[in-house]
Structures are given as structure tokens and as C-alpha cells.
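Inspection log for the structure reproduced underneath, given as C-alpha cells.
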Amino acid sequence: IDAAVATDGFDGKYAEKFGKNPGPTAANTYDALNLIVKAVERAGTGTKPNGEDIAKQLSQINDYSGALGALTVNQEGVFLSGASVKIIKDGKPVLAQ
């Protein structure tokens with residue numbers, strides 16, 4: 001069992017833009033930054049939002065679909081994403097079908 005695997009769309013766009021495959025945490029980083037941007041945009045009401053405003057909005061995001069697919073936030077503020085099941089084939093982990 002491993003963390004969610006990035007969508008094919010993310011991997012393809014990344015490789016096209018940067019000329020190489022994304023690293024193991026690229027999709028997580030992409031989603032984390034975009035979640036923060038979304039929270040800042042929601043918190044901004046014509047004034048500069050503070051950390052508390054941003055955190056409140058971040059905890060209320062439950063409709064995000066990004067590089068790792070759909071993400072939700074539970075009552076404790078933990079972000080939940082899908083998991084992937086992998087098997088070892090020829091000495092390397094691959095997604096189980």
C-alpha cells in the first residue's frame with residue numbers, strides 16, 4: 001500500500017513542460033500549493049487574509065480534485081486521498097491491476 005499515484009494527465013503535462021518525469025513528491029507538492037492558493041483566494045475579502053483566515057478556509061475545502069485525484073478534509077483537518085496497491089514485479093513496485 002502506498003500513497004495515491006498522480007493522474008496520467010499530471011505526469012504527461014509535467015514531462016511535456018520540464019522534459020523529464022516528475023519526482024516522487026511532485027504531485028503532492030503541486031496539490032499542497034494549489035490548496036493553499038485556493039484557501040487564500042477564499043479567505044481574501046478585499047483585505048490581506050491572515051493565517052487564521054487561511055487555515056479556516058483550508059479546513060473547509062472538500063471539493064478539490066488535483067494531481068492525486070479527489071481530496072477531502074476530515075473533521076480533524078486531515079487531508080485524505082486515495083491509496084494505491086502495488087506488487088513487486090521484476091524487482092520493482094508496480095500498480096496492482
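The values are calculated or read from the model by the stated rules, or taken from the named source; none is laboratory data. Predicted model, so just to flag it, every value in this text is computed and none were measured. Virtual Cβ from ideal backbone geometry, glycine too; neighbours counted across all protein chains shown. Heavy atoms of the whole protein, side chains included, go into the accessibility calculation; ligands, DNA and RNA do not. Shrake-Rupley method; radii C 1.70, N 1.55, O 1.52, S 1.80 Å.
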Single condition residue 6 does not satisfy, out of (1) more than 24 Å from residue 95 (Cβ to Cβ); (2) outside any helix (DSSP H, G or I); (3) in contact with a helix residue (DSSP H, G or I) (Cβ under 7 Å, 6 or more places away or on another chain)
(1)
I'd like to check something: does segment 69-77 contain any residue that is farther than 23 Å from residue 8 by Cα, touching a helix residue (DSSP H, G or I) at 6+ places or on another chain (Cβ under 7 Å) and charged (D, E, K, R)?
no
For the subset of segment 51-71 comprising residues that are part of a loop (DSSP other than H, G, I, E, B) and among the aliphatic types (A, V, I, L, M), which member is most open to solvent (accessible area, probe 1.4 Å)?
68
Would you mind telling me which numbered condition in (1) under 16 Å from residue 4 (Cβ atoms); (2) open to solvent by 50 Å² or more (accessible area, probe 1.4 Å); (3) of a type outside the set (Gly, Ala, Ser) residue 48 fails?
(1)
What residue, among those in segment 33-45 that are surrounded by 13 or more Cβ atoms within 10 Å (Cβ to Cβ) and closer than 17 Å to residue 79 by Cβ, is farthest from the chain's Cα centre (by Cα)?
42
Selection from segment 72-97 of residues surrounded by 12 or more Cβ atoms within 10 Å (Cβ to Cβ) and at pLDDT 85 or above yields 86
Residue list for segment 16-31, restricted to those being surrounded by 15 or more Cβ atoms within 10 Å (Cβ to Cβ) and out of contact with any Leu (no Cβ under 6 Å at 6 or more places or on another chain):
22, 26, 28, 30
For residue 13, indicate whether it is surrounded by 13 or more Cβ atoms within 10 Å (Cβ to Cβ) and basic (Lys, Arg).
yes
